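Asker: Before I ask anything, here is the structure I am working with.
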Amino acid sequence: MPDSVVMRHADDVGDVCRQTRFDVGLQYVERRLALMLATRGADGLLPAAAVAAFEDFRLALFAFANGGGR
């Protein structure tokens, strides 16, 4: 899902995730939105720890979706 869709429809996607009890999806949207809104450093980059934490979560979700979590 493109960042522009997450940014524009985060509330709607979050509501659907809550209604369907898709807690991991809700966490993904919340984390991604927080990363998009995070303050960048003087170099214009996000804090490396925040990027790494999100990437770890994203890769775990990707692996699960592809049968790696069984």
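Asker: How much solvent-accessible surface does T39 expose, in Å² to the nearest 10, with a 1.4 Å probe and all protein chains in place?
Answerer: 110
Asker: Still on this model: May I ask which residue of G68, V29, V51 lies farthest towards the positive end of the charge dipole of the chain, with charges of +1 (Lys, Arg) and -1 (Asp, Glu) on Cβ and the Cα centre as origin?
Answerer: G68
Asker: Moving on to the next point. Might you report the magnitude of the Cβ-based charge dipole of the chain about its Cα centre, with Lys and Arg at +1 and Asp and Glu at -1, to the nearest 20 debye?
Answerer: 160
Asker: Also, quick follow-up: Normalising by the residue count of the chain, find the relative contact order in percent from Cα pairs under 8 Å and 6+ residues apart.
Answerer: Once divided by the residue count of the chain, the mean separation gives 22 percent.
Asker: Which value, in Å to one decimal place, does the Kirkwood hydrodynamic radius take for the chain when every pair of different Cα atoms is included?
Answerer: For the chain, inverting the mean 1/r across all distinct Cα pairs yields 13.1 Å.
Asker: Largest first, how would E55, E30 line up by accessible area (1.4 Å probe)?
Answerer: E30, E55
Asker: Subtracting the Cα-Cα distance from 0.36 nm times the residue separation, let me have the gained length for D56 to M7 in nm, one decimal.
Answerer: Extending this stretch completely gives an extra 15.6 nm.
The values are calculated or read from the model by the stated rules, or taken from the named source; none is laboratory data. If you're wondering where the values come from, they're calculated on a predicted model, not measured in any experiment. Cβ sites come from the backbone with ideal geometry, for glycine too, and all protein chains shown count toward neighbours. Note: areas computed on protein heavy atoms with side chains; ligands, DNA, RNA excluded. Shrake-Rupley method; radii C 1.70, N 1.55, O 1.52, S 1.80 Å.
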